[in-house]
Every structure is written in C-alpha cells, then in structure tokens.
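To keep things clear, I will list the structure first and then write my remarks on it.
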Amino acid sequence: MVRIAALLFSLVGSFALLGSAAIAQPNGNYYNVTLASEAAAPKTVVKDTLFSCNGATCVAGEATSRPAIICASIARELGPVTSFRAGEQSLDGEALAKCNAKADTTKMARR
C-alpha cells in the first residue's frame, strides 16, 4: 500500500512539473520583424533561430544573441529590415540603419 501511495505521489508531482514546464515555454513572437520586401521562404533559420514569415513579416522565439546581432543577421540573410522588435524593445532609426548596413542586397536582386 505504501508503494502504491509513493507511486501515485510521484506521478502527481511529475504531472505538476510537466504543466509548469509547458507554461515556461517561450512563444514564437519574441522577435517581430518587417522586411523591405517579402521573404523568399515561409521558414528561415537565422542564428540558430527559426523565423516564420508571412509576406514581409517574420516572427520567432527568443534567441541568446543580442537584438542588434539578430537584426543584422536577418538583414544579411533576408534583406533590409524596416522594423524590428525584440520583446518590448524596438530598434530606432539609427539602430535600424546599423542593422541594414549588414544587408546583402544581392539576395534582394535574386528574388
């Protein structure tokens, strides 16, 4: 009887931990990016982060790199960025200009 009670107790504890882990999962909208033109593919990996794109808007969950690094990587992979938000932080005009300095305009011409 004690073994059954211990088993039930551990199962209840496991389900409680699984439920809290599901709550802690980040959503896929930490990064919200608007490109100057439509993305070539609906899904693209940038800096080990999967971005889902619909037209010129792309979203992704949080990555470990700084927002400016992610923005520059997106510009290099997908083309110029017109707006970039990471969580509650949006890049201003000067930061976007630095971000877009890394843009590969040859990728734009190939689309």
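The values are calculated or read from the model by the stated rules, or taken from the named source; none is laboratory data. Source: prediction; values computed, not measured. Cβ: placed from backbone, ideal geometry, glycine included. Neighbour counts: every protein chain shown. Remember, those area values only see protein heavy atoms, side chains included, never the ligands or the DNA or RNA. Shrake-Rupley method; radii C 1.70, N 1.55, O 1.52, S 1.80 Å.
Assorted remarks:
- For the condition over 10 Å from THR34 (Cα atoms) and either part of a loop (DSSP other than H, G, I, E, B) or in contact with a helix residue (DSSP H, G or I) (Cβ under 8 Å, 6 or more places away or on another chain) (or both), ALA97 does not qualify.
- Taking region 65-94 as the range and being surrounded by fewer than 18 Cβ atoms within 10 Å (Cβ to Cβ), outside any helix (DSSP H, G or I) and touching an Asp or Glu at 6+ places or on another chain (Cβ under 8 Å) as the test, only GLY87 passes.
- Residue that is modelled with the lowest pLDDT, among those in region 47-60 that are surrounded by 14 or more Cβ atoms within 10 Å (Cβ to Cβ) and more than 14 Å from TYR30 (Cα to Cα): LYS47
- Within region 27-64, the set of residues being of a type in the set (Val, Ile, Thr) and not in a loop (DSSP other than H, G, I, E, B) comprises VAL33, THR34, THR44, VAL45, VAL46, THR49, THR57, VAL59.
- Qualifying residue in region 102-109 (condition: open to solvent by 80 Å² or more (accessible area, probe 1.4 Å), touching a Pro at 6+ places or on another chain (Cβ under 8 Å) and not β-branched (Val, Ile, Thr)): no
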